[in-house]
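Each remark here refers to the structure printed beneath this line.
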Amino acid sequence: MDKVDVGKKILSENEKYAFENIIFLAEQKKLCLNMISSPGSGKTTILARTINGLRGKIRIGVIEGDIQTDIDAERIRATEAPVLQINTEGACHLSATQISEALKKLPVADLDLIFIENVGNLVCPSAFDLGESAKVVVLSVAEGDDKPAKYPAIFAKSKVLLVNKIDLLAGGHVDFDLERAKADARRLNKAIEIFPISAKTGEGMDLWCDWLLGSVQKGIAQQ
Ligand SMILES: Nc1nc2c(ncn2[C@@H]2O[C@H](COP(=O)(O)OP(=O)(O)O)[C@@H](O)[C@H]2O)c(=O)[nH]1
Ligand SMILES: [Mg+2]
C-alpha cells in the first residue's frame with residue numbers, strides 16, 4: 001500500500017514558485033512590494049507619484065498585473081521606470097509563476113525596489129503569495145471605512161495600509177471615518193503601518209516615500 005507522509009508539506013505549484021522568488025530576491029538583496037486594492041483606488045497613480053518622488057534616490061521597477069490591456073504599463077513607462085505588463089486574461093490575481101517570469105525580464109540588478117501592481121481585487125490576490133517581501137494594501141476613502149472589517153484577510157497580511165484620496169475628505173464629498181478604518185485595520189494587524197495620502201495632491205506622500213527609502217536602506221532585514 002502506498003504510504004503518505006502527512007508530516008511533509010506538499011507545496012502547491014504557486015507556493016513552489018513563491019519560494020523560488022523569495023530566494024531570488026534575497027540573493028539579489030532586492031525589496032519587492034505587492035500592491036493590492038480594489039480597482040480604481042489609485043494604485044497606478046500612487047506608483048507614478050512614488051517613482052517621481054524618489055527619482056535619484058531609489059531605482060524602482062514595476063510589474064503591472066491586469067486582466068487586459070497595457071494601459072497601466074504605459075502610465076508607468078511615462079515615468080521612465082522599467083515596467084513589465086502581465087495580462088492574466090481573466091484571472092483575478094497574479095501568480096508566483098508569472099512573477100518568476102517577470103523577474104527574469106526586468107533589469108533587477110539595476111533596481112533597488114520592485115513594485116508589483118496586482119489585479120484590482122481585495123479578495124483573490126490576498127490568497128496567493130508571490131514571494132514578495134511584503135504586501136501593501138491601498139484603500140481609497142471613496143470605498144468606505146468598513147472595508148478593513150469586511151475584507152479582513154488582506155488587511156491582516158499587509159505590512160502597510162495606504163489610505164488614498166484623502167483630498168476628497170475636505171469637501172465632505174464622502175463619509176469616511178479615518179479613525180474607524182485605522183482602528184479596524186490595527187485590530188486585525190497591530191503592526192500595520194498606516195499612511196493617509198493623496199496621490200493627486202501629494203499630501204502624505206513624503207512620509208510614505210521616507211518609509212520606502214528607510215526600508216530599502218535597511219534592506220530586507222526589516223521585513
Ligand atoms: N481625488 C483623487 N483621485 C485619485 C487619487 N488617486 C488616484 N485618483 C484617481 O482615481 C482613478 C483611478 O486611479 P488608478 O491609479 O487608475 O487606480 P488603480 O485602478 O488602483 O490603479 C483615476 O481617475 C485617478 O486619477 C487621489 O489621491 N485623489
Ligand atoms: Mg492600475
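Each reported figure results from applying straightforward, stated rules to the coordinates on display, with no laboratory input. Quick caveat: nothing in here was measured; it's all calculated off a predicted structure. All Cβ positions, even for glycine, are placed from backbone atoms using ideal geometry, and neighbour counts span all protein chains on display.
Spit out the partnerless Cys residues in the chain, using Cβ distances under 4.7 Å as the pairing rule.
Cys32, Cys209
Let me know the shape class of the stretch 13-217, please: from the alpha-carbon gyration tensor, a ≥ b ≥ c as square roots of the eigenvalues, rounded when a/c is under 1.5, otherwise prolate if a/b is greater than b/c, or oblate. Don't jump to the answer; show the numbers that get you there.
Values: a/c = 1.56, a/b = 1.35, b/c = 1.16.
Prolate is the answer for the stretch 13-217, as a/c is 1.5 or above and a/b outweighs b/c.
Which of the lysines could a cross-linker span from Lys190 if the Cα-Cα distance has to be under 18 Å and same-chain partners fewer than 8 positions apart are dropped?
Lys190 reaches Lys135, Lys147, Lys150, Lys157, Lys159, Lys182.
Let me check I've understood the local charge: for Gly120, count other residues with C-beta under 13 angstrom from its C-beta, Lys and Arg +1, Asp and Glu -1. What total comes out? Walk me through the numbers before you get to the answer.
Numbers: positive: Lys43; negative: Glu64, Asp66, Asp72, Glu117, Glu143.
It works out to a net charge of -4.
With an 8 Å Cα cut-off and a minimum separation of 6 or more residues, compute the relative contact order for the stretch 13-217 in percent. Mind dumping the intermediate values first?
Values: 404 pairs, mean separation 52.9, N = 205.
Normalised by residue count, the contact order of the stretch 13-217 is 26 percent.
Give the separation of the Cα centroids, the stretch 88-142 to the stretch 160-215, in Å.
So the separation of the two Cα centres works out to 20 Å.
With runs of 4+ DSSP H residues as the only contributors, calculate the mean residue ellipticity of the chain at 222 nm using -39,500 (n - 2.57) per run, divided by the residue total and rounded to the nearest 500.
Working: 10 runs with 87 residues, N = 223.
Estimated from H runs of four or more residues: -11000 deg cm²/dmol.
Before anything else, pin down the relative contact order of the stretch 152-202: Cα pairs under 8 Å, at least 6 apart, normalised by residue count, whole percent.
Numbers: 50 pairs, mean separation 29.2, N = 51.
57 percent.
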